[in-house]
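The block underneath contains the structure these notes are about, expressed in structure tokens.
The numbers here are math on the coordinates, done by the rules we state, and not lab data. These figures come from a predicted structure and were not determined experimentally. Ideal geometry is used to build each Cβ from the backbone, glycine not excepted, and the neighbour counts take in all protein chains shown.
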Amino acid sequence: TQPQLDLMPGEVDKLLHYVERGGNLLWLLDAGPLHGLERLADKLNLVLPPGIVIDPAAAEMNAPATWSLGTSYPPHAITNGFNLITAFQSARPLEWDEAPEWQHHVLVEAAARGWVSPQTKGLDASGLNSNGRPLKFDKQHDTKGPVAIALAMQRNINDTEQRLVVVGNGAFLANSFAGNGGNVDLGVNMINWLTGEEHLITLQPRAAKDSNLVLNKTQLTVISVGFLIALPLLLALVGGVIWWKRRRA
């Protein structure tokens, strides 16, 4: 995931050595500084423009305006048959330079009607910018969608296929976001593909969620009166009628 502090040069060297030797990798990227991982991005021919993805579809579903929804999944082993919505908070766009060494495959596209805003600070979940105005596309500074926010990469090295997955959001599998849509399903598929377990890639069974019944004061009063007064009176009346008929018989 995205480091919060600058990595030591030796730490970056070990990571680069791991990739150079053919190690598989899942890299979760947040918008903002790479804290020393610029060399890894260069190694993978990644181009990481500044900014975050703004997706109007998220606001239409009452999600925070700085979220983007994954709804388009180009064909790949990871996304085969995948049709769930995924949610990404403050996702960064992913671009790359074509190179014969690596094969790049887009896994998730978002913001078909949205854009990439170079402004990464001063945006709040209500959809207002730092000036208190609604977020709108600025053709002078913003880049129109759709935007790739997850990417699979592979190459052949030492007679072995090396696999990498890069996601433009470091929190989509965090505990606070994993329950959104198909985030967990997509994450599990990524891990299965990275470990060469394609036969395990499938939609995970959905756990039943607890349902809460919310009643207002009037509804609670009606239910209370019905069960505590009306129902006992009705049973008493029925019992009285039966007793009276038997007595007359």
*Counting pairs of alpha carbon atoms under 8 Å apart in space and at least six apart in sequence, what relative contact order in percent does the chain give?*
21
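Take peptides 14-23, 162-171 and line them up by average Cβ neighbours within 10 Å, highest first, as a rough protection proxy. Mind showing how you got there, number by number?
Working: 14-23: 13.3, 162-171: 23.2.
Sorting 14-23, 162-171 by mean packing, highest first, produces 162-171, 14-23.
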*Would you mind checking which residues have amide H under 5 Å from Ala150's amide H? H placed 1.01 Å from N; only 5 or more apart, or other chain.*
Leu107, Val108, Gly168
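Run the numbers for Leu213 and Asn175: contour at 0.36 nm per residue of separation, minus the present Cα-Cα distance, in nm. Provide the component values of the computation, followed by the final result.
Working: separation 38, 0.36 × 38 = 13.68 nm, distance 2.53 nm.
So the extension gain works out to 11.1 nm.
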*the stretch 9-200: Lys pairs at Cα distance under 28 angstrom, eight or more positions apart or on different chains*: 6
*asked:* In 5 Å bins starting at zero, report the fraction of Cα pairs in the chain per bin as a rounded %.
replied: 1, 6, 11, 14, 14, 12, 9, 6, 4, 3, 3, 3, 3, 3, 2, 2, 2, 1, 1, 0, 0
